[in-house]
Structure formats: structure tokens, C-alpha cells
1. Spot the failing condition for residue 39; the list is (1) touching a strand residue (DSSP E or B) at 6+ places or on another chain (Cβ under 8 Å); (2) in contact (Cβ under 8 Å) with a residue 24 or more places away in the chain; (3) surrounded by 14 or more Cβ atoms within 10 Å (Cβ to Cβ), and only one is missed.
2. For segment 15-65, enumerate the residues that are small (Gly, Ala, Ser) and more than 14 Å from the chain's Cα centre (by Cα).
3. Within segment 13-39, can you find the residues that are under 26 Å from residue 135 (Cβ atoms) and assigned to a helix (DSSP H, G or I)?
4. Please pick out the residue among 159, 91, 169, 100 that is among the charged types (D, E, K, R) and touching a Gly at 6+ places or on another chain (Cβ under 7 Å).
5. Can you go through 152, 128, 144 and tell me which one is within 12 Å of the chain's Cα centre (by Cα), surrounded by 15 or more Cβ atoms within 10 Å (Cβ to Cβ) and free of Cβ contacts under 8 Å to residues at least 40 places away in the same chain?
6. If the Cβ limit is 9 Å and pairs must be 6+ apart or interchain, which residue in segment 69-93 that is without any contact (Cβ under 8 Å) to a residue 40 or more places away in the chain and surrounded by fewer than 24 Cβ atoms within 10 Å (Cβ to Cβ) pairs with which residue that is polar (S, T, N, Q) and not in a strand (DSSP E or B)?
Amino acid sequence: MGAEEHRKKAPKKFKFGVVTVSDTASRGEKEDASGKFIIEALSGNELVHYSVVPDEKLAIIGAILDAFEKGADVVITTGGTGITSRDVTIESLSPLFDKEIPGFGELFRKLSFDEVGSAAVLTRATAGVIRSGGRALVVFCLPGSLNAVKTGIGIIKKEAYHLLKHARE
């Protein structure tokens, strides 16, 4: 069965969560434009969790667990994917992945390269599937910048349903 056939059999809607990882936004010093954009872009689906957390491992993992417990099928994180010492989203979440989806990050970096050139190598955007209790949670980890989120959401809106179908199998 080809990708188009799989897409036809994929869910038409999903429950989702958004987790913004930002020290400054978590302290109220900066507006969360990226998280709000994700919520608006996925408005045809059901938002079940939204949080803004500092760049701290336990806060990030806790937010993902909260989203899962609230029934999320998909969680999109924004922020913490760079290479500074405070960027710990990837280190926090990748050990939880039962399946990594490297193609997401590869495609994201290719599209980012088309927009920003070789600076695209600075992002570690990725995705993966976490399984627990017979359920699957698809997690997308995006950078914090609004332009990067717009690029990532373009991919997510096209493929999240398809990924979710396979993650549930």
C-alpha cells in the first residue's frame, strides 16, 4: 500500500498538546508566539494540553507526561533544540522514544537550509514515538523561533495523521 492509500486510512483528527520550552517565556518575560502559532495552525484538531516550561529536563518530561495523561495523540514541543548548554529538549525526550523518526528532522533541516542556508545545521529538530499502556504518542521537537515553527508545522500538518496511523499499529 502506498503513502496515499495510507493517508486515506489515517485518522482525520487527533488530540494534541503543545509544550513550549523556554526559560524566558516560562518566567513571563517573553510572549510564546511559537506555541500560540502551533495551536492556531492545528485548530481543526483538539487541543488537550498547553504548557510553557523552563529548559529543565524534569519539567520537559513532566509536560509530555501531562499531555499523554490528558489523552494527547501528538505533542509538539518548541524550543530547546539548539546546541547551547541550556538546550535540553532532545536529551530529555529522545531516551523516551520507542521509535525515532529521523526523516522528520532530515526534512526539516533540508527545508530550513532552503530558507536560512547552512545555519540549518544548528538545529537538532527530531520526532519520535513513545508507547505506553497500549497507546502511542507521536512527539515532534521543533526549534523555538517562529519561522522554524512555521516550517515544521508545514510538515506536521501533512504527515502527523499518517504517522499516527502507523504508530498505532
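1. Every listed condition holds for residue 39 apart from (2).
2. Answer for segment 15-65, where residues must be small (Gly, Ala, Ser) and more than 14 Å from the chain's Cα centre (by Cα): 22, 25, 26, 28, 33, 43, 44, 59, 62.
3. Selection gives 35, 38, 39.
4. Criteria check complete, one pass: 100.
5. 128
6. Going by the 9 Å Cβ cut-off, the qualifying pairs are 87/81.
Residue-by-condition table, conditions (1) under 23 Å from residue 50 (Cβ atoms); (2) in contact with a helix residue (DSSP H, G or I) (Cβ under 9 Å, 6 or more places away or on another chain):
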position	(1), (2)
70	yes, no
92	yes, yes
102	no, no
108	yes, yes
130	yes, yes
134	no, no
147	yes, yes
150	yes, yes
167	yes, no
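This table checks each residue for (1) more than 15 Å from residue 137 (Cβ to Cβ); (2) touching a residue at least 60 places away in the same chain (Cβ under 8 Å); (3) touching a helix residue (DSSP H, G or I) at 6+ places or on another chain (Cβ under 9 Å); (4) among the basic types (Lys, Arg).
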position	(1), (2), (3), (4)
2	yes, no, no, no
19	no, no, yes, no
24	yes, no, no, no
27	yes, no, no, yes
34	yes, yes, yes, no
54	yes, no, yes, no
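Every number in this text was worked out from the coordinates using simple rules, so none of it is lab data. Please read these numbers as outputs of a predicted model, since none were measured by experiment. All Cβ positions, even for glycine, are placed from backbone atoms using ideal geometry, and neighbour counts span all protein chains on display.
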